[in-house]
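Colleague: Just dropping this structure here.
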């Protein structure tokens, strides 16, 4: 408003200025707009109240902000609920989260209260989806597609479109239903103003006239919401004619003064609460409650005596200005925070540009940088809002940096796909070779060939992912077919070796269930018989020789369970091992065993010498000293071990004769 607040006029302090109707705030393009027209027959009613312009008044922006918000809420009492909606950082949300929030708003709140939230959600979603669309288009073109053929959508976009459609239909229905009601309420209020005008000058029965006036006031309070752009004008006109009636009522001061006193007392309570709000820290809460106080001041209470009008209005205006100034400071601090967010976002953009500047020469490097970009992208959205004037430019810088990264990435993979296609052709040629020879019986010639193409396959790089599994299965099946045939042929030629393997495996299994008796010697004979049986079974295929190690490991475990002298047991086990080493003209295994035993004898002798030398340090210590006793015990243990090794060496030498 351009004049001192209408509430001041409502007290009768000023003649009402010709006020400009507040423009209805822009709705979404999908919303219906309500066009209200003041009936021609009542337009002069408002004109009567808007003739005098007070050139000495100055703008009170701190009141104007309150009035503007109250005018918006006046169209529908439910509109005030929009102030209770939680403010959320939609900028930091993913597209999936934005859709979820959109759907929650539609489900849990009245359609007319969510407009500002829906507008912000739609703006953020469209920005992010547009960036995704550009990225997908770049990839499509990089893959050789034509831009005119590009199309992309996803489930998230479909859900968003569905929510937007529901919102559009609901808000259109709301405005359509509301339009006639607002128009009727306006006409009713203007008719009430006309009746109040008609009371001025009616002096026959002042008591009845006053009673009729109070009835009209009650009708006015219950007349319902009107269009927001007519709100202030209608209320100003009403207060103007109420003031005129009270001026006329001076003939009956008792009635007028009683109303003035009631209004004065109530307005003092409002002022007291406003001053309390001015001292509170939560400026947004204070502002919302202050709106209610202004609404009460304007809509529920009439004028006060002239001697109080300037004083109480000034107190109320001062409290309002204090809250307004604190709120402005709050938003100024927000702007500073937004400036810091801007610095953070510009730093993130520079980091993305730095990624673009680095050379990308491998798939792994690219994938690592993609992860870095995703982390930077998330950091960008979590960095918070920036000043409104910088928002569009910052978003453009971010999109350009990401687009440049994606172009570089797409270029790399485009060249990579060319290489992969060449690799595919090479592997297809190897498949031809494998399939052409898989049924050959010339194993001597074809086996080296098949092994060679397998090695070649390993050296060829990646192929397109859609072909990878298919050609690998084709190549593997051809190779397996050939080698299965070859192994079957060789197995048939060496069946006796495979039969020996099967029998040795059965003998190994029997060892696992070997039952020991109380006669250790009898058990030793049984175990030795199993060793002889095992050896008599002969050789097994080369790739099955692992069974020898398993068998002798099981034999050793069985000997360990026998209750007899360990040195004797060790020699018995050794005899069994020698049986396995002997036979034939090849003495290399015996040679190795003899060398191993000699080495162990030297090691044990060295240990004994070292221990005996250590005893020299205990020459003045009694033999019953624990340390000395341990050394002697250790020497005896090593000497016993030495005798065992010497016996083993003697037995090995006998095997040569």
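What follows is calculated from the coordinates using simple rules that are stated; it is not laboratory data. Because the structure is predicted, anything quoted here is derived from the model rather than measured. All Cβ positions, glycine included, derive from the backbone under ideal geometry; neighbour counts span all protein chains shown.
Colleague: Using alpha carbon centroids, what distance separates segment 423-454 and segment 336-355, in Å?
Modeller: Each part reduced to its Cα centre gives a spacing of 58 Å.
Colleague: Figure the gain on full extension for residue 472 and residue 557 (residue separation times 0.36 nm, minus the Cα-Cα span) and round it to one decimal in nm.
Modeller: Stretched fully, the residue 472-residue 557 segment lengthens by 26.1 nm.
Colleague: Write down the radius of gyration of segment 158-312 and its Dmax, each obtained from C-alpha positions, in Å.
Modeller: When restricted to Cα atoms, segment 158-312 yields Rg and Dmax of 20.3, 72 Å.
Colleague: Calculated FRET efficiency, residue 382 and residue 285, Cβ-Cβ r, R0 41 Å, to nearest 0.05?
Modeller: 0.95
Colleague: How much FRET efficiency would the formula 1/(1 + (r/R0)^6) give for residue 432 and residue 363, where r is the Cβ-Cβ distance and R0 is 25 Å, rounded to 0.05?
Modeller: So, using R0 = 25 Å, E works out to roughly 0.35.
Colleague: State, to one decimal in nm, how far the label point of residue 168 lies from the label point of residue 399, with both points 7 Å from Cα in the Cβ direction.
Modeller: 2.1
Colleague: Now for a separate question. Translational D (Stokes-Einstein, µm²/s) of segment 478-553 at 10 °C and 1.306 mPa s when Rh comes from the Kirkwood sum over C-alpha pairs?
Modeller: So the translational diffusion coefficient is about 111 µm²/s.
Colleague: Calculate the FRET efficiency for residue 571 and residue 545 from the Cβ-Cβ distance with a Förster distance of 45 Å, rounded to the nearest 0.05.
Modeller: E(calc), rounded to 0.05, equals 0.95.
Colleague: Additional query: Please give the per residue volume of the convex hull enclosing the alpha carbon atoms of segment 335-416, rounded to a whole number of Å³.
Modeller: Taking only Cα atoms, segment 335-416 has a hull volume of 67 Å³ per residue.
Colleague: Arranged by the count of other C-beta atoms within 10 angstrom, fewest first, what order do 362, 170, 408 take?
Modeller: Ascending Cβ contact count within 10 Å gives the list 362, 170, 408.
Colleague: Stretch residue 514-residue 133 to full length: gain in nm at 0.36 nm per residue minus the Cα-Cα span?
Modeller: 129.8 nm is the gain from fully extending residue 514 to residue 133.
Colleague: Still on this model: So between residue 374 and residue 496, what do we pick up on full extension, going 0.36 nm a residue minus the alpha carbon distance?
Modeller: Fully extending the segment from residue 374 to residue 496 adds 37.6 nm.
Colleague: Then there's this: Can you pull the three principal axis extents for the Cα set of segment 417-478, in Å, largest first?
Modeller: Principal axes ranked by extent give 38, 18, 13 Å for the Cα atoms.
Colleague: With no solvent and one equal point scatterer placed on each C-alpha of segment 514-561, evaluate the Debye formula and give log10 I(q)/I(0) for q = 0.14, 0.19, 0.31 Å⁻¹, two decimals.
Modeller: -0.39, -0.66, -1.22
Colleague: Report the label-to-label distance for residue 449 and residue 154 in nanometres (one decimal), using points 7 Å from each Cα along the Cα→Cβ vector.
Modeller: 5.0
Colleague: If packing is taken as the mean number of other Cβ atoms within 10 Å per residue, what is the order of 496-507, 110-121, highest first?
Modeller: Descending mean neighbour count gives 110-121, 496-507.
Colleague: Label residue 147 and residue 310 with points 7 Å out from Cα along Cα→Cβ: what is the distance between them in nm?
Modeller: Distance between label points: 7.1 nm.
Colleague: How large is the convex hull of the Cα atoms of segment 586-657 per residue, expressed in Å³ as a whole number?
Modeller: 67
Colleague: Follow-up question, since we're still on this one. Taking the Kirkwood radius as the inverse of the mean 1/r across Cα pairs, report the Rg/Rh of segment 222-368.
Modeller: Ratio value, two decimals: 1.37.
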